[in-house]
Amino acid sequence: MNMLFKRRLPAPQDVMKMYPLSPSLIRQKQQNDVEIHDILSGKDKRFLLIVGPCSADREDAVLDYISRLRSVQEKVKDKIVIVPRIYTNKPRTTGAGYKGMLHQSDPHRAPDMFRGLISIRRIHIRCLEETGFSGADEMLYPENHRYLADVLSYVAVGARSVENQQHRLTASGLDVPVGFKNPTSGDLSVMLNAITAAQSSHDFSYGGWEVQSGGNSLAHAILRGSVNKFGRNIPNYHYEDLTALCELYRKANLLNPAAIIDANHSNSGKHFEEQPRIVKEILHSMRHSADVAKLVKGVMIESYIENGCQKIEDGVYGKSITDPCLGWEKTERLIYDVAELV
């Protein structure tokens, strides 16, 4: 085996004891959960915005960004529920170099996963404590979800993980909504198979235990576009794509039909400034079809304080070091526009 066992990491319950949630934070998180659950189940007609940096790279800038979201949320609360993206596992696409806050709590320092585990839990708790938001994170590594299981209100499974059985089975045992992105190939049947698996009960191995899951009735679709064999981005947010997904959902007979549309990635062709236009087109499609309006529960936006992205060594505060993001001024304007249009 070509690996060095450096040190044993603390168990999830030990990290939770080190950084526990107070009773008031537990109540706030439960309140957030109810709002999100009600939107995805159709009880609440408000629109869901899952918005934030591509990758949570530094605690101060991310919390600054989220505090700005809080002031905007208060102004649009009758129309929109915001869930901040706090993606603590998000690496560069190739996996080379920076691998996310879990691995490098400081992008300028060497990987240290013990420090990273503390950092990712602390940033989620501080978000809840200081802003009242409980965040969304990507379940890149199912085993690591246990360190954040009590603080997250939304979980995403990425395009390269959606076919992985451990992700599907783990999602079936979570008590928060899990969104499955379509794979990079664009095959929607893969995504729907993952949702079907996640909504079902399973017996499987997890964290050294034999466990039985109860099924996650709020597992749902995230459309993020695809890439063909020539590397060309193919969007799937257009009206025809959304009506086709409605039909696929009808045939699949899944619980709580719901879709979130990712306005970036292959849907924007990696052109992050296209996100406002794409979001508005989605809202336009919803006005022209009752079925689309019923299925689409919200959008996902990659956004940070500064426009674009940078190299780690550039050190610009609030600018992404992974995928380019929409800057704060344009994000704020977009949120207000969405509130007027939904």
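The apolar share of the surface of the range 174-270, taken as the fraction of accessible area on carbon and sulfur atoms (1.4 Å probe, ligands and nucleic acids excluded), comes to 50 percent.
So how do 282-289, 154-161 stack up, highest first, on mean other-Cβ count within 10 Å? Don't jump to the answer; show the numbers that get you there.
Numbers: 282-289: 16.2, 154-161: 22.1.
The peptides rank, most packed first, as 154-161, 282-289.
Looking at the square roots a ≥ b ≥ c of the eigenvalues of the Cα gyration tensor of the chain, which shape do they give, rounded for a/c under 1.5, prolate if a/b is larger than b/c, or oblate? The shape class here is rounded.
Under unit Cβ charges (Lys, Arg +1; Asp, Glu -1), what dipole magnitude, rounded to 20 debye, does the chain have relative to its Cα centre? Each step should come with its number before you reach the end.
Values: 43 positive and 41 negative charges, 58 e Å.
Dipole magnitude for the chain comes out near 280 debye.
Taking Cα pairs under 8 Å and at least six residues apart, what relative contact order does the range 127-219 come out at, in percent? Intermediate values should be presented prior to the final figure.
Working: 170 pairs, mean separation 23.2, N = 93.
Relative contact order for the range 127-219 comes out at 25 percent.
Skip the ligands, DNA and RNA, and give the accessible area per residue of the range 157-211 with a 1.4 Å probe, whole Å².
Details: 2250 Å² over 55 residues.
Computed with neighbouring chains in place, this is 41 Å² per residue.
Separation of the range 110-129 and the range 61-75, taken as the distance between their Cα centroids, equals 19 angstrom.
Where a ≥ b ≥ c are the square roots of the eigenvalues of the C-alpha gyration tensor, would you call the range 121-183 rounded, which needs a/c under 1.5, or, failing that, prolate if a/b is larger than b/c, or oblate? Prolate. Largest accessible area first, the residues D78, D38 order themselves as D78, D38 under a 1.4 Å probe with ligands, DNA and RNA left out. Based on protein heavy atoms only, the range 258-342 ends up with 40 Å² per residue of surface accessible to a 1.4 Å probe.
If you sort D106, D262 by accessible surface, 1.4 Å probe, largest first, the order is D106, D262.
Heavy atoms of the protein chains alone define the surface here; on that basis the range 55-115 has 41 Å² accessible area per residue at 1.4 Å probe size.
Within the accessible area of the range 1-115, what % is carbon and sulfur when the probe is 1.4 Å and the other protein chains stay in place? Display every interim value, and only then the final one.
Details: 3270 of 6110 Å².
Accessible surface attributable to carbon and sulfur in the range 1-115 totals 53 percent.
Here E313 and D44 are evaluated by their C-beta separation; at R0 = 51 Å the FRET efficiency comes out at 0.70.
Can you give the local net charge around G215? Use residues other than it whose beta-carbon is closer than 14 angstrom to its beta-carbon, Lys and Arg +1, Asp and Glu -1. Mind dumping the intermediate values first?
On the way: positive: R168; negative: D175, D203.
Summing Lys/Arg as +1 and Asp/Glu as -1 gives -1.
Modelled label-to-label distance, E129 and N228, 7 Å Cα→beta-carbon offset: nm? Here the answer is 5.2 nm between the modelled labels. Go ahead and run the numbers for FRET between R8 and R68, Cβ-Cβ distance against an R0 of 35 Å, rounding to 0.05. Plugging the Cβ-Cβ distance into 1/(1 + (r/R0)^6) gives 0.35.
Can you give the calculated 222 nm mean residue ellipticity of the chain, where each DSSP H run of n ≥ 4 adds -39,500 (n - 2.57) and the sum is split over every residue, rounded to the nearest 500 deg cm²/dmol?
Working: 10 runs with 129 residues, N = 342.
Mean residue ellipticity, 222 nm, calculated: -12000 deg cm²/dmol.
How charged is the neighbourhood of D175? Take every other residue with its Cβ under 14 Å from the Cβ of D175, and add Lys/Arg as +1 and Asp/Glu as -1. Intermediate values should be presented prior to the final figure.
Numbers: positive: K29, R146; negative: D33, D150.
Neighbourhood net charge equals 0.
Could you tell me whether the range 1-145 comes out rounded, prolate or oblate from its Cα gyration tensor? Rule is a ≥ b ≥ c as square roots of the eigenvalues, rounded for a/c under 1.5, then prolate if a/b exceeds b/c, otherwise oblate. Let's see the in-between values first.
Values: a/c = 2.04, a/b = 1.75, b/c = 1.17.
It comes out prolate by the Cα gyration axes.
Count Lys and Arg as plus one, Asp and Glu as minus one, and take only other residues whose Cβ is under 14 Å from that of L334; the net charge is then -1.
Each of R27 and Y336 was given a label point 7 Å from its Cα along the Cα-to-Cβ line. The distance between the two points is 3.4 nm. Charge dipole of the range 219-342 (Cα centre as origin; +1 on each Lys and Arg Cβ, -1 on each Asp and Glu Cβ, all else neutral): 440 debye, rounded to the nearest 20.
The values are calculated or read from the model by the stated rules, or taken from the named source; none is laboratory data. Because the structure is a prediction, the values reported are computed rather than measured. Cβ atoms come from the backbone with ideal geometry, glycine included; neighbour counts cover every protein chain shown. Protein only, heavy atoms only, side chains kept; ligands, DNA and RNA dropped before computing areas. Shrake-Rupley method; radii C 1.70, N 1.55, O 1.52, S 1.80 Å.
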